[in-house]
Amino acid sequence: MGKVVLVTGVARHLGARFAAEIAGQPGVDRVVAVDVQPPAAELPPGVHFGLVDLRRPAIARVIAEHDIDTVVHLNVSATGHGGRAAVKETNVIGTMQLLGACQKAPGLRRLVVKSTTAVYGSAPRDPAVFGERMQPKDLPAGGFAKDAAEVEGYVRGFARRRPDVAVSVLRFANIVGPTGDTPLSAYFALPLLPTVLGYDPRLQFVHEDDAVEVLRLAALDPRPGTTNIGTFNVAGDGVLLLSQCARRLGRPTVPLLRPALGLVAGLVRQTRLADMSQEQIQLLTHGRVVATGQLRETFGYTPRYTTPEAFADFAAAQPAGLLPPERLTAVTDRLAALLGEPRPTHTEEPGPR
Amino acid sequence: MTAASKQAAGAAKVIPIESAPSWHGPTPGLADRIADAVGGALAGQLGATATRVFGKGWEAKAANGLGFLRRRITGDYEVDDFGFDEELTEEVFLSLLRPMAEKYFRIDVRGIENIPAEGGVLIVANHSGTVPLDALMTQVAIHDHHPHRRHLRMLAADLVFVLPVVGEVARKAGHTLACNEDAQALLERGEVVGVWPEGFKGIGKPFAERYKLQRFGRGGFVASALRAGVPIVPCSIVGAEETYPMIGNFKTLARLLGLPYVPITPTFPWLGPLGAVPLPTKWTIQFGEPIPTDSYAPEAADDPMLVFNLTDQVRETIQHTLYKLLVQRRSVFF
């Protein structure tokens, strides 16, 4: 008998992609996808969609009815239907309901939970690169990061009570792709990027293809020599500075003092241009980088896209900014050509003095 | 409304807001025209003048500069996980610091061969001089004198990363927070890591206590080196103590500003900004014999006795070298 997989949060882009992906896997008999609203695009035929609000106990009936053995919980996100209060309730209460239902399901074998590297916070007094076992100096004070930290706490409790269930928690860096719907991609879509004066944060991205692939590997049985039980950071190799991201997108930055940025963020939120939350401002001030050694060595997966490659794929799908890099290089190349020198190329390194 | 603000309002009208977008988004036509105009001028009279002023080969230098500019404005450069921007450090930060190291402090660098050609190594040095110039000068000295032009990755106080601009520049120059995790990560990546274990106790000590090493923290740096199995190179810096002789401390002001100290020197704050100019002392940076740690098992890092002994050994080595260098020194300034 094959697996029966429950996927939560399929109304969002990542959830819908993952549900379609896992439905096509050998050894998967059925995929049950749930969310409070139907997904924007039609789900493939192998996926049964159920309109379920995770905050209600109805989820227990779905698990019992379909005899679910694998639960992939993707409904932990920063934005969503309704205001911040509703999002928090879905994240925290929804997870509690789901875990409660899981505990009563004797047939359950595997639980995969999507978390975020935001649980490490962003602070100047923390180590530059976070490993899975590090504790931040200050726990996230609020917002999505706190939700995710609480969700992880409940998942740890569940893992203690049901040691027979294989639990993996995946902490994703900011997920980007050609069609992302994350708060950070909304920020990068602004024509002028407000930044914090005097700070240039280090950012890390993971491509949505890699995110889906990591979720797939976590939901199936582990391949020989690897394990998918435990907590793993998921991020593309390498780092981009915010200033680099802005230049690669061709969007001018507007450095503001921290309090002024708070006002601008409020304005941006109210005009619904983007959702610039307090924790996002924190990220745009101090940045965050995680170590991915565990993912590569223990989990056995190396992301196909590095952070710069994932960002390039995202940038290619964005409308051109006010300062397109191609136009700027055209000017410097032309000047260089006029000087009668060979054109400087990308790979040229500054020579030794 | 004061005259100044009227003037400011008047000046603001000269550049209307509507004209601003042309700054951000030059049309291809405009960009082409600018490039053509500059190119035409260079080919004609201006080119000849430039050759006279900058000397032969200015074109190559300008092309290099353009290549650098091109990479910078399009974000086409790499930074490592710690935010270290090698190109910016080499082209800008070190170029700015180099005249200070070579012309102003005339640093005499000794024992550079004690820093291995590759692999992780921990440099432990004495800290002094009110402003961490000694750390910056050590970075220049290692890069410029080491045959493999290695970069020093410093472990800095958390205050550095809390401050805007300072924190940003520090990260781009390759420095990171002084904590065990970061130290170990850098050492395992095979970097040259620099640590000033005296911290604020050393850099902010009164002039009367010059060249007397302060307590070496809790020996966290030795534990990191033991875990990574890298050698420890003691480094003694002479000359930095006299750059800003600290004769007093505004303790109340320091507490108000949240700083470890606000120095009073013979020139600061009496001469205003001029008082912030360091005295032109003659410096010596001596790198000592490496102390190997690879003979110990990695678990040795959890043996407090061994860690304390090694810490003392490093401290004694630096203190003795300092005394030796001070005896050899002819004068503070020459």
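Selection of region A:14-31 for residues being aliphatic (A, V, I, L, M) and over 22 Å from the mean Cα position of the chain (by Cα) yields A:Val28, A:Val31.
Identify the residue in region A:51-76 that is part of a loop (DSSP other than H, G, I, E, B) and of a type in the set (Asp, Glu) and, among all such residues, is farthest from A:Ala211 (Cα to Cα). Across region A:51-76, the extreme among qualifying residues is A:Asp67. When we screen A:Val28, A:Val62, A:Val52, A:Val7 for residues that are at pLDDT 90 or above, β-branched (Val, Ile, Thr) and in contact with a His (Cβ under 9 Å, 6 or more places away or on another chain), the only hit is A:Val7.
With respect to B:Gly111, is the statement that it is touching a residue at least 24 places away in the same chain (Cβ under 8 Å), at positive phi and more than 13 Å from chain A (Cβ to nearest Cβ) true? So B:Gly111 fits the description; yes. Taking the criterion of being touching a residue at least 60 places away in the same chain (Cβ under 8 Å), assigned by TED's automatic domain parsing to the domain that holds B:His127, part of a loop (DSSP other than H, G, I, E, B) and surrounded by 17 or more Cβ atoms within 10 Å (Cβ to Cβ), would at least one residue in region B:248-261 satisfy it? Scanning region B:248-261, I find no residue that is touching a residue at least 60 places away in the same chain (Cβ under 8 Å), assigned by TED's automatic domain parsing to the domain that holds B:His127, part of a loop (DSSP other than H, G, I, E, B) and surrounded by 17 or more Cβ atoms within 10 Å (Cβ to Cβ), so the answer is no.
Within region A:120-134, restricting attention to residues that are within 16 Å of A:Gly230 (Cβ to Cβ) and either surrounded by 21 or more Cβ atoms within 10 Å (Cβ to Cβ) or without any contact (Cβ under 8 Å) to a residue 40 or more places away in the chain (or both), which residue is farthest from the other protein chains (Cβ to nearest Cβ)? For region A:120-134, the residue satisfying everything is A:Arg133. A single entry from A:Ala16, A:Ala33, A:Ala20 fulfils the requirement of being modelled with pLDDT of 90 or more, of a type in the set (A, V, I, L, M, F, W, C) and closer than 19 Å to A:Cys102 by Cα: A:Ala33.
Reported count of residues in region B:309-330, each being of a type in the set (D, E, K, R) and part of a helix (DSSP H, G or I), is 4.
To keep it simple, each residue is scored yes or no on (1) among the basic types (Lys, Arg); (2) without any contact (Cβ under 8 Å) to a residue 60 or more places away in the chain; (3) closer than 17 Å to A:Phe144 by Cβ.
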{"residue": "A:Ala20", "(1), (2), (3)": "no, yes, no"}
{"residue": "A:Gln25", "(1), (2), (3)": "no, no, no"}
{"residue": "A:Asp35", "(1), (2), (3)": "no, yes, no"}
{"residue": "A:Glu65", "(1), (2), (3)": "no, yes, no"}
{"residue": "A:Ile68", "(1), (2), (3)": "no, no, no"}
{"residue": "A:Gly82", "(1), (2), (3)": "no, yes, yes"}
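Of all residues assigned to region A:99-119, at least one qualifies as being without any contact (Cβ under 8 Å) to a residue 60 or more places away in the chain, closer than 23 Å to A:Tyr305 by Cβ, in a helix (DSSP H, G or I) and not basic (Lys, Arg).
Considering region A:193-216, the residues that are hydrophobic (A, V, I, L, M, F, W, C), crowded, with 20+ Cβ neighbours inside 10 Å and within 28 Å of B:Val160 (Cα to Cα) include one that is farthest from the other protein chains (Cβ to nearest Cβ), namely A:Phe205. Filtering region B:289-334 to residues that are of a type in the set (Val, Ile, Thr) and either closer than 14 Å to B:Phe216 by Cα or surrounded by fewer than 13 Cβ atoms within 10 Å (Cβ to Cβ) (or both) leaves B:Val307, B:Thr311, B:Val314, B:Thr317, B:Ile318, B:Val327. Do the conditions hold for A:Leu190, that is, is it within 12 Å of chain B (Cβ to nearest Cβ) and aliphatic (A, V, I, L, M)? Here the answer is no, as A:Leu190 does not meet what is asked. In summary, A:Thr307 fulfils each of the numbered conditions (1) more than 18 Å from the chain's Cα centre (by Cα); (2) modelled with pLDDT of 80 or more; (3) not basic (Lys, Arg) with the single exception of condition (1).
Residue pairs whose Cβ atoms lie under 7 Å apart, sitting 6 or more positions apart in sequence or on different chains, and linking a residue in region B:214-229 that is hydrophobic (A, V, I, L, M, F, W, C) to a partner that is crowded, with 19+ Cβ neighbours inside 10 Å and in a loop (DSSP other than H, G, I, E, B), are B:Phe216/B:Pro197; B:Phe216/B:Glu198; B:Phe221/B:Pro197; B:Ala225/B:Thr293; B:Leu226/B:Thr293; B:Ala228/B:Gly120. Yes or no: region B:274-286 includes at least one residue that is in the same structural domain as B:Gln139 (by TED's automatic domain parsing), touching a Pro at 6+ places or on another chain (Cβ under 6 Å) and either modelled with pLDDT of 90 or more or part of a loop (DSSP other than H, G, I, E, B) (or both). No: zero hits. Checking each residue in region A:228-260 for being closer than 20 Å to A:Gly177 by Cβ, assigned to a strand (DSSP E or B) and facing chain B (nearest Cβ under 8 Å) picks out A:Val239, A:Leu240. For region B:157-195, the set of residues classified as in a strand (DSSP E or B), within 11 Å of chain A (Cβ to nearest Cβ) and closer than 18 Å to B:Leu94 by Cα consists of B:Thr176 only. Taken together, the residues in region A:281-305 that are within 30 Å of A:Ala260 (Cα to Cα) and either more than 10 Å from every other protein chain (Cβ to nearest Cβ) or β-branched (Val, Ile, Thr) (or both) amount to 8. I need the full set of residues from region A:77-95 which are assigned to a helix (DSSP H, G or I) and either at pLDDT below 85 or of a type outside the set (A, V, I, L, M) (or both), in order please. Of everything in region A:77-95, those that are assigned to a helix (DSSP H, G or I) and either at pLDDT below 85 or of a type outside the set (A, V, I, L, M) (or both) turn out to be A:Arg84, A:Lys88, A:Glu89, A:Thr90, A:Asn91, A:Gly94, A:Thr95.
Selection over region B:180-215 of residues that are out of contact with any strand residue (DSSP E or B) (no Cβ under 8 Å at 6 or more places or on another chain) and not acidic (Asp, Glu) gives a count of 18. Tell me which residues, restricted to region B:61-79, are more than 7 Å from chain A (Cβ to nearest Cβ) and either among the small types (Gly, Ala, Ser) or touching a residue at least 24 places away in the same chain (Cβ under 8 Å) (or both). B:Gly65 - this is the single residue of region B:61-79 that is more than 7 Å from chain A (Cβ to nearest Cβ) and either among the small types (Gly, Ala, Ser) or touching a residue at least 24 places away in the same chain (Cβ under 8 Å) (or both). Among the residues of region B:186-224, those identified as of a type in the set (A, V, I, L, M, F, W, C) and touching a helix residue (DSSP H, G or I) at 6+ places or on another chain (Cβ under 7 Å) are B:Leu187, B:Val192, B:Val193, B:Val195, B:Trp196, B:Leu213, B:Phe216, B:Phe221, B:Val222, B:Ala223. Are any of the residues in region A:223-238 buried (at least 22 other Cβ atoms within 10 Å of the Cβ), over 10 Å from the mean Cα position of the chain (by Cα) and modelled with pLDDT under 95? Yes. Can you work out which of the residues in region B:224-247 that are assigned to a strand (DSSP E or B) and of a type in the set (A, V, I, L, M) is surrounded by the fewest Cβ atoms within 10 Å (Cβ to Cβ)? Only one residue tops the list, namely B:Val233.
The values are calculated or read from the model by the stated rules, or taken from the named source; none is laboratory data. None of the values given here were measured: they were computed from a predicted structure. Positions of Cβ are generated from backbone atoms using ideal geometry, with glycine treated the same way; all protein chains shown enter the neighbour counts.
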